[in-house]
Amino acid sequence: MLRDDINSALKEAMKAGEARRVSTLRLINAEILKRETSGAERTTLSDAEIVDVMGKMIKQREESVAIYDKAGRKELADQERDEIKIISGYMPARMSDLEAAEAISSLIRELEAATLKDMGRTMAALKTRFAGQMDFSKAGALVKKLLGGG
């Protein structure tokens, strides 16, 4: 499970004295815990949900890098880039556009989706199976096109 990988890496980083890695892995764990305890009942996140949390963390850091670069704060931008590299190491490999298109076509056939009314169901299945592996804004446009919406 992804959570175990992160915790094992945290222990190794602590033993090795890798301060940036330790702090970043702790941030990941904090975000996971925050998501698990935010609802009425405590839940345990699946690997796909953890990937979603880390994807959002990467996106936040990319936005920060742009702001820091624009403001000339190189040291802060570099810190954010380091965190992006560390978090990305626990993300599944990204699919190429061609691989994503093949996966989407296959899923549409599997779900027997035929019209735009099936788009929500198709996108939900994509997000469950391929969390962190494809760009869902591009995927949404392709699903819409394949289901006859333009």
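The numbers here are math on the coordinates, done by the rules we state, and not lab data. These figures come from a predicted structure and were not determined experimentally. Here the Cβ is made from the backbone with ideal geometry for all residues, glycine too, and neighbour counts use every protein chain on show.
Kirkwood hydrodynamic radius, computed over distinct alpha-carbon pairs, for the range 97-146: how many Å, to one decimal?
About 10.5 Å, per the Kirkwood formula over Cα pairs.
Under 21 Å between alpha carbons: how many lysine pairs meet that in the range 2-88, if sequence neighbours fewer than 8 apart on the same chain are excluded?
Lysine pair count for the range 2-88: 11.
Computed on alpha carbon atoms, what radius of gyration and Dmax characterise the range 2-88, expressed in Å?
Looking at the range 2-88, its Cα Rg and Dmax stand at 14.1, 44 Å.
To test your reading of the geometry: what angle, between 0 and 90 degrees and rounded to tens, separates the Cα axis of helix 19-37 from the longest principal axis of the chain?
That works out to roughly 50 degrees.
Mind putting a number on the dipole of the range 97-146 about its Cα centre? Charges go on the C-beta only, +1 for Lys and Arg and -1 for Asp and Glu, and I need it in Debye to the nearest 20.
Roughly 240 debye for the range 97-146.
Could you list Glu80, Glu41, Glu36 in order of exposure, starting from the residue whose Cβ has the fewest other Cβ atoms within 10 Å?
Listed from fewest to most nearby Cβ atoms, that is Glu41, Glu36, Glu80.
Take the chain, compute every pairwise Cα distance, and split them into 10 Å bins from 0; I just need the percent in each bin.
P(r) for the chain, in whole percents per bin: 10, 31, 30, 22, 7, 1.
Based solely on its DSSP helices, what 222 nm [θ] is calculated for the chain when runs of n ≥ 4 H residues each add -39,500 (n - 2.57) and the sum is averaged over all residues, nearest 500 deg cm²/dmol?
-24000 deg cm²/dmol
Between beta-carbons, use under 15 Å as the cut-off and find the net charge around Gly17, counting Lys and Arg +1, Asp and Glu -1.
Around Gly17, the surrounding residues sum to +3.
How large is ³J(HN,Hα), in whole Hz, for each residue of the range 62-75 in order, when computed from phi with the Karplus curve 6.51 cos²θ - 1.76 cosθ + 1.60 and θ = phi - 60°, using x for Gly and Pro?
5, 5, 5, 4, 4, 5, 5, 4, 5, 8, x, 9, 4, 5
Excluding Leu146 itself, calculate the net charge of residues whose Cβ lies under 12 Å from the Cβ of Leu146, where each Lys or Arg counts +1 and each Asp or Glu counts -1.
+1
Residue by residue through the range 93-107, what is 3J(HN,Hα) from phi via Karplus (6.51 cos²θ - 1.76 cosθ + 1.60, θ = phi - 60°)? Round to whole Hz and write x for glycine and proline.
Those phi angles translate into 4, 6, 7, 6, 4, 5, 4, 5, 4, 5, 5, 5, 4, 4, 5 Hz.
From the phi of every residue in the range 2-14, what ³J(HN,Hα) in whole Hz does the Karplus formula 6.51 cos²θ - 1.76 cosθ + 1.60 yield, where θ is phi - 60° and glycine or proline is x?
Going residue by residue, I get 4, 4, 5, 4, 5, 5, 5, 5, 4, 4, 5, 5, 5 Hz, with x marking Gly and Pro.
Once the other residues with Cβ under 14 Å from the Cβ of Phe130 are scored (Lys, Arg +1; Asp, Glu -1), what is the net sum?
Net local charge, Phe130 excluded: -4.
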